């Protein structure tokens, strides 16, 4: 069977298509059909010739098989140091083979490759930090995912996720109306406590355009209120776009290059329409990577930059605290052992380690912050990055992957983990569910709000 | 009075006493009852998988599953759904407090009715992902009165005839009073206005002399008379009382001694204080301890 009803090479472009795929619970039929899916070897080889650039070719070529990357990979460490988990092996035996064979690979090979691409690499890019040649396997896996996606070999949830971006320009079925409506609802809910709290929609030339993660809208909209409260307290001139508000990109995890472009362009269009001085995204790691670091290239922007200066939430928060726009009541600082999860996507990939530590200085009583070991650009992935968290098929592997983070957290002795990244937050939540080590975890927003000094003129009337 | 009631339920024993009150009100006052059940809490990141609140298993939610859970809820309440009142059943996925509020935003009920603490039974699933209990969050943000039935004792209840209105003289309390008056007039009830003076040293900062306490009691009574009596006169029966002690205890005792069948209070704690209702504000304490249903009014 060349193309299945559920599993095929066609991207999903309609809401009906999403619903149809969703109706195949857990993708049971989808994965059955995948076993029969044909490979379009000509297309695969042609795509490689058109898209596999010199960097990747060179990396594959110059890898000395020295094995320095092995220990750098937490999945190698946590899976009994299985040689098959050495990053160099993982990429050579997949992408390397496809290129060597000029795309002439069979179904079994593609399914194995899919397993490697989504369950043996979280695209955390740690190996690239340790390779003497600077070879970054994570980047090559992102590329490989694109080839797999094109051929229809992609985990069920990510096919759906990429479809969501195509249909809704959001990672979940949240419409533009839902977004504005939910944000307004949240602000209304909190305006008694914070007089004057509003959500300015589509204001041109604001200092800040704020973008979010659709899951906040769908499942925990308090996060939207918290963002509004902090901007309000800091006296910021901010806005949200009614269109182009979603910063995340499951399309990036899925390897759906066309959807990556569509998604990020919707945010850039909002920037061009509203002309904000800066764009700030929510506490999400991959959203930042997708929209700020990689997005400009997907959208073909020559300078490699988004249309407006774009910073991560932790950068804004650090700035607001450092400049005194937001003031912390020292008596309310965290007075228990607390540790911090460094998100690969904006720490290792964008060097923002100082911002989070600046924030810590303001909100944690001196002596109570414990670094994980290793940390900053050397920190390990939470265990659920790159889409790993959401894939049912690889749940077992994902749970093993959480062990590294579990042990890192246990070693700090802290019971509270600050996780300013949706994906890390999820993984840490899941690791508590799975291994019950008695920890709590939080984004920064709710923690900071609890300890703010509220300026006189913003206090509610008693 | 209560044309449309949103009854949020775990559809387990933990909600049985709340259910008894919900069905009683619906029958006695011809309400239309929306039975609302949050069946699962999202897990696994962006995926469609939830943790089922009953089995605690990971489940992929699809149309069949939703239909099946709806049927389960219907079966659970089958003997109460005897056609004597209108009802609908909705199920949803999400974090309970937020989904209850979302449902309220959609159907705009006159009253939200929920059980109190669900105890250990489904704690692990409902409460895991958020600080603050479902009850606290709903009571804080709801735009309509929230009726809570926490203890089984609070559900053996014959109807509404005797309301205790607890006041702290705040603006929100005035709104709660408006509501108490509305209920009392519509259902021909007696209203007992009550204020408790907090004499705990933690609150007062010192130990009050008896003269000071009695002075405060007199002042509070004067305040109650000035603030509420003109309107209370519209009712057939009412009373006004003040007592000193730990406020929530005094209210619970007063309601018990007066055989109240409903307590109405304002909820205006600014923040969701803690994930443990035992540490919440006065109204939460009253909810936890009262021998009758409690209505909390927020706005």
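The values are calculated or read from the model by the stated rules, or taken from the named source; none is laboratory data. These figures come from a predicted structure and were not determined experimentally. Virtual Cβ from ideal backbone geometry, glycine too; neighbours counted across all protein chains shown.
Taking the conditions (1) within 11 Å of another protein chain (Cβ to nearest Cβ); (2) modelled with pLDDT of 95 or more in turn, residue B:62 satisfies each one other than (2). Checking A:419, A:411 one by one, the residue that is crowded, with 24+ Cβ neighbours inside 10 Å and either farther than 26 Å from residue A:357 by Cβ or assigned by TED's automatic domain parsing to the domain that holds residue A:340 (or both) is A:419 and no other. Residues in segment A:206-228 that are in contact with a helix residue (DSSP H, G or I) (Cβ under 6 Å, 6 or more places away or on another chain) and within 14 Å of chain B (Cβ to nearest Cβ): A:213, A:216, A:217, A:221, A:223, A:224, A:225, A:226.
Per the conditions (1) within 14 Å of another protein chain (Cβ to nearest Cβ); (2) surrounded by fewer than 24 Cβ atoms within 10 Å (Cβ to Cβ), the sole criterion not satisfied by residue A:175 is (1). Here are the criteria: (1) at pLDDT 90 or above; (2) under 19 Å from the mean Cα position of the chain (by Cα). Tell me which single one residue B:223 does not satisfy. Among (1) at pLDDT 90 or above; (2) under 19 Å from the mean Cα position of the chain (by Cα), the lone unmet condition for residue B:223 is (2). Out of A:363, A:449, A:428, one residue alone is touching a strand residue (DSSP E or B) at 6+ places or on another chain (Cβ under 9 Å) and either more than 18 Å from residue B:47 (Cβ to Cβ) or free of Cβ contacts under 8 Å to residues at least 24 places away in the same chain (or both). It is A:363.
Checked against (1) in contact with a helix residue (DSSP H, G or I) (Cβ under 9 Å, 6 or more places away or on another chain); (2) within 19 Å of residue A:422 (Cβ to Cβ), residue A:258 passes all but a single condition, namely (2).
Considering only residues of segment B:248-281 that are closer than 30 Å to residue A:446 by Cα and modelled with pLDDT of 80 or more, which is farthest from the chain's Cα centre (by Cα)? Result: B:248.
Could you say which residue among A:434, A:377, A:456 is closer than 29 Å to residue A:249 by Cα and modelled with pLDDT under 95?
A:434
Can you confirm whether segment A:207-230 contains a residue that is farther than 23 Å from residue B:97 by Cα and part of a loop (DSSP other than H, G, I, E, B)? Yes, there is a match, as at least one residue in segment A:207-230 is farther than 23 Å from residue B:97 by Cα and part of a loop (DSSP other than H, G, I, E, B).
For segment B:141-161, taking the residues that are at pLDDT 85 or above and buried (at least 18 other Cβ atoms within 10 Å of the Cβ), the one that is nearest to residue B:284 (Cα to Cα) is identified as B:148.
Filtered by the rule that a residue be touching a strand residue (DSSP E or B) at 6+ places or on another chain (Cβ under 8 Å) and more than 19 Å from residue B:286 (Cα to Cα), segment B:187-207 gives B:189, B:190, B:204. Which numbered condition trips up residue A:396, out of (1) surrounded by fewer than 19 Cβ atoms within 10 Å (Cβ to Cβ); (2) within 13 Å of chain B (Cβ to nearest Cβ); (3) in contact with a helix residue (DSSP H, G or I) (Cβ under 8 Å, 6 or more places away or on another chain)? Condition not satisfied by residue A:396: (3).
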